[in-house]
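Colleague: For reference, the structure I am asking about is given below.
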Amino acid sequence: MRTLRRIPMHREGSDRGGMDHRRTARTALWALVCLLPSTALSGELRVHAGPWRAWLDSPGGPLPFRMQWRQADGRDHVTIRNGPERIEVARVTWKGGTVTLHLDPYDSRIVATVEESGRRLTGRWERASRGDTMTRMPFHARAGDEARFPPLPAEASAKRGDVTGRWKVRFSKSDDPAVALFEQQRDGNVVGTFLTPTGDYRFLAGRLDADRLRLSAFDGAHAFLFHATLRPDGTLNGDFWSRDTWHETWTARRDPHARLPDAFTLTRWTGNASLADLRFRDLDGNFRSLDEPEFSGKARIIEVFGSWCPNCNDATRYLVELDRRYRDRGLRIIGLAFELSGDVEKDIARLKRYVAHHGIRYPVLLAGTADKDQASRALPLVDRIRAYPTTLFIDARGRVKAVHTGFSGPATGDAYARLRKTFESIIDDMLSSP
């Protein structure tokens, strides 16, 4: 790969000819830079600015997503795109010919080498999993405004179906119901998501060619790939791959009335411990109870979450908004984090990054590891922790008003709007109660 080289300049003397030579050199250097309008400069490396098509090598085949690369303020900026979703990469760092995209707040990164004069990237995506294990998948990217899923030529002459609407879904490895929401455009592009009792699959994007549906999502934590066939009877039959280890089949039939169980009925408050007796470590290493003076006598939201969990990140963005709107009226929010590593020092460091990433002002406490059985024992206020996040609403007198399991985020559209309306109605009721 070519690099920009500094043009040597004469330093001896101060005659007019020397000045002209230096002026000519500066002009030549500026002209060279101006000839590269589509190139982002990263130290001595040049990376093509503009749209990119990226993909991970998954067991189900290429798992694609879109990126946008630009340079501003002397730095590289990368945006990951999943349909309408835009994810700003937290940091882009360089070491020699290797670039790293840091995907905060997850302990996740893309590490790649630059090839083909800045128009291709090859490397890996890696993300911390439980304990000291890592997820690693081969990563590739190519500059250009290519489709997420290129149209299938063999299907071009066939009549395209339509998957727009609401679908009742069954996954082969789960007994829980699921609902799919799809919206198809005239050109065959499709966006949508799956809703489950524990949370949604966030922003999926892809296309339908004739009877073949392909969807994917990558957000730094999720790496999802869906393939399906639209059968003559109108049902969908397909495969689902998650990261590099999970695979299951799924079926769906169109059902405008498909619904999930009420998320406020899935987890039951037991009260088998007092709030004052439950003590967890804060991010300075001090143990705090859930009923200390800062919280006692005030309406509270206790959020059971993990920094590693995309649905929890959606919920946290909303909680930060609620904290800003309701804090002066007396609402207090407490985050109880159940993390992956089991190493207190590592988990606190990750939570500090999480707090900074989201601009959290409310207390976040490290409550344990992400194992749901251990989380249930650590928080005996409810019968069981079934999902991250789980949200507890407690009024100023310490009475539980509601427990909500999971979170339907922005990708779910109307479901997210209804969730917000219900949460805020509960908060208003708690704050107005004597």
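Colleague: Just need a number here: residues in the stretch 324-383 that are under 14 Å from Trp308 (Cα atoms) and among the aromatic types (Phe, Trp, Tyr).
Modeller: Residues flagged as under 14 Å from Trp308 (Cα atoms) and among the aromatic types (Phe, Trp, Tyr) within the stretch 324-383 amount to 2.
Colleague: So, in the stretch 149-187, of the ones that are part of a loop (DSSP other than H, G, I, E, B) and in contact with a Ser or Thr (Cβ under 7 Å, 6 or more places away or on another chain), which residue ends up surrounded by the fewest Cβ atoms within 10 Å (Cβ to Cβ)? Talk me through it step by step, then tell me what you get.
Modeller: Quick first cut of the stretch 149-187, residues part of a loop (DSSP other than H, G, I, E, B) only: 149-152, 156-164, 172-177, 185-187.
Applying the additional criterion that residues be in contact with a Ser or Thr (Cβ under 7 Å, 6 or more places away or on another chain) yields 172, 176.
Details: Ser172: 11, Asp176: 13.
Step by step, filter the stretch 149-187, then rank; the result is Ser172.
Colleague: Looking only at the stretch 253-275, decide whether some residue is out of contact with any helix residue (DSSP H, G or I) (no Cβ under 9 Å at 6 or more places or on another chain) and closer than 21 Å to Asn82 by Cβ. Walk me through how you get there before you give the answer.
Modeller: Keep residues of the stretch 253-275 that are out of contact with any helix residue (DSSP H, G or I) (no Cβ under 9 Å at 6 or more places or on another chain), which gives 253-259, 261-262, 265-275.
So of that shortlist, the ones also closer than 21 Å to Asn82 by Cβ come out as none.
Looking for residues that are out of contact with any helix residue (DSSP H, G or I) (no Cβ under 9 Å at 6 or more places or on another chain) and closer than 21 Å to Asn82 by Cβ, one finds none in the stretch 253-275, hence no.
Colleague: Oh, and also: Sort through Arg231, Arg214 and tell me the only one that's free of Cβ contacts under 8 Å to residues at least 24 places away in the same chain, more than 20 Å from Tyr416 (Cα to Cα) and among the charged types (D, E, K, R). Please lay out each step first, then the result.
Modeller: Numbers: Arg214 fails: free of Cβ contacts under 8 Å to residues at least 24 places away in the same chain.
Exactly one residue qualifies, and that residue is Arg231.
Colleague: When the residues of the stretch 356-370 are narrowed to those that are in contact with a strand residue (DSSP E or B) (Cβ under 6 Å, 6 or more places away or on another chain) and outside any strand (DSSP E or B), which ends up modelled with the lowest pLDDT?
Modeller: Ala370
Colleague: Another one. For the subset of the stretch 234-275 comprising residues that are of a type in the set (Val, Ile, Thr) and touching a Leu at 6+ places or on another chain (Cβ under 7 Å), which member is farthest from Asp162 (Cα to Cα)? Write out each step before concluding.
Modeller: Just the residues of the stretch 234-275 that are of a type in the set (Val, Ile, Thr), to begin with: 235, 245, 249, 251, 265, 267, 270.
Filter again for touching a Leu at 6+ places or on another chain (Cβ under 7 Å), leaving 251, 270.
Working: Thr251: 16, Thr270: 47 Å.
Filtering the stretch 234-275 for residues that are of a type in the set (Val, Ile, Thr) and touching a Leu at 6+ places or on another chain (Cβ under 7 Å), the one farthest from Asp162 (Cα to Cα) comes out as Thr270.
Colleague: Which one of these does Gly398 not meet: (1) in a helix (DSSP H, G or I); (2) of a type outside the set (S, T, N, Q); (3) modelled with pLDDT under 95?
Modeller: Gly398 satisfies every listed condition except (1).
Colleague: While we're looking at this one, here's another question. Name the single residue that is surrounded by the fewest Cβ atoms within 10 Å (Cβ to Cβ) among those in the stretch 219-229 being touching a Leu at 6+ places or on another chain (Cβ under 6 Å) and of a type outside the set (Gly, Ala, Ser).
Modeller: Ranking the candidates gives Phe226 first.
Colleague: If we keep just the residues of the stretch 179-207 that are closer than 16 Å to Pro261 by Cβ and touching a residue at least 40 places away in the same chain (Cβ under 8 Å), which is farthest from the chain's Cα centre (by Cα)? Give the derivation first.
Modeller: To start, the set of residues in the stretch 179-207 that are closer than 16 Å to Pro261 by Cβ comprises 179, 194-200.
Remaining after also requiring touching a residue at least 40 places away in the same chain (Cβ under 8 Å): 179, 195-200.
Working: Val179: 20, Leu195: 16, Thr196: 17, Pro197: 19, Thr198: 16, Gly199: 13, Asp200: 12 Å.
Restricting to residues being closer than 16 Å to Pro261 by Cβ and touching a residue at least 40 places away in the same chain (Cβ under 8 Å), the top hit is Val179.
Colleague: Another question, if that's okay. Based on this model, can you work out whether Asn311 counts as assigned to a helix (DSSP H, G or I), within 30 Å of the chain's Cα centre (by Cα) and among the polar types (S, T, N, Q)? Explain how you work it out, then say what you get.
Modeller: Values: assigned to a helix (DSSP H, G or I): yes; within 30 Å of the chain's Cα centre (by Cα): yes; among the polar types (S, T, N, Q): yes.
So Asn311 fits the description; yes.
Colleague: Another question about this same structure. Taking into account only those residues within the stretch 109-140 that are more than 27 Å from Gly74 (Cβ to Cβ) and hydrophobic (A, V, I, L, M, F, W, C), which is surrounded by the fewest Cβ atoms within 10 Å (Cβ to Cβ)?
Modeller: Taking the candidates together, the pick is Met134.
Colleague: Identify the residue in the stretch 188-218 that is in contact with a Lys or Arg (Cβ under 7 Å, 6 or more places away or on another chain) and part of a loop (DSSP other than H, G, I, E, B) and, among all such residues, is nearest to Phe264 (Cα to Cα).
Modeller: Thr198
Colleague: Given the condition touching a Lys or Arg at 6+ places or on another chain (Cβ under 8 Å) and at pLDDT below 95, answer yes or no: does some residue in the stretch 246-261 qualify?
Modeller: No, the conditions are met nowhere in the stretch 246-261.
Colleague: Another question about this same structure. Report, by residue number, each residue of the stretch 314-334 that is assigned to a helix (DSSP H, G or I) and either out of contact with any Asp or Glu (no Cβ under 8 Å at 6 or more places or on another chain) or at pLDDT below 95 (or both).
Modeller: Asp314, Arg317, Tyr318, Val320, Glu321, Asp323, Arg324, Arg325, Tyr326, Arg327, Asp328, Arg329, listed by residue number.
Colleague: Restricting to the stretch 376-393, name every residue that is within 22 Å of Asp314 (Cβ to Cβ) and out of contact with any Gly (no Cβ under 6 Å at 6 or more places or on another chain). Before you say what the answer is, go through the steps one by one.
Modeller: Residues of the stretch 376-393 that are within 22 Å of Asp314 (Cβ to Cβ), as a first pass: 379, 382, 385-393.
The answer is Leu379, Val382, Ile385, Arg386, Pro389, Thr390, Thr391, Leu392, Phe393.
Colleague: How many residues are farther than 27 Å from Ile348 by Cβ and modelled with pLDDT under 95 if we restrict to the stretch 116-143?
Modeller: 3
Colleague: Checking Glu294 against (1) farther than 21 Å from Ser341 by Cα; (2) among the charged types (D, E, K, R); (3) within 27 Å of the chain's Cα centre (by Cα); (4) not in a strand (DSSP E or B), only one condition comes out false. Which one?
Modeller: Status for Glu294: all satisfied but (3).
Colleague: Within the set of pairs 6 or more residues apart or between chains, which connect a residue that is free of Cβ contacts under 8 Å to residues at least 24 places away in the same chain and not assigned by TED's automatic domain parsing to the domain that holds Asp219 inside the stretch 126-155 to a residue that is hydroxyl-bearing (Ser, Thr, Tyr) and surrounded by 14 or more Cβ atoms within 10 Å (Cβ to Cβ) with Cβ atoms less than 6 Å apart?
Modeller: none
Residue-wise test of (1) out of contact with any Asp or Glu (no Cβ under 6 Å at 6 or more places or on another chain); (2) at negative phi; (3) in the same structural domain as Ile348 (by TED's automatic domain parsing).
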| site | (1), (2), (3) |
| --- | --- |
| Ser216 | yes, yes, no |
| Phe226 | yes, yes, no |
| Leu236 | yes, yes, no |
| Phe240 | no, yes, no |
| Trp250 | yes, yes, no |
| Leu290 | yes, yes, yes |
| Ser296 | yes, yes, yes |
| Ile302 | yes, yes, yes |
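The values are calculated or read from the model by the stated rules, or taken from the named source; none is laboratory data. All of these numbers come straight from a predicted model, not from anything done at the bench. Counting neighbours? That spans all protein chains shown, and the Cβs are built from the backbone with ideal geometry, glycine included.
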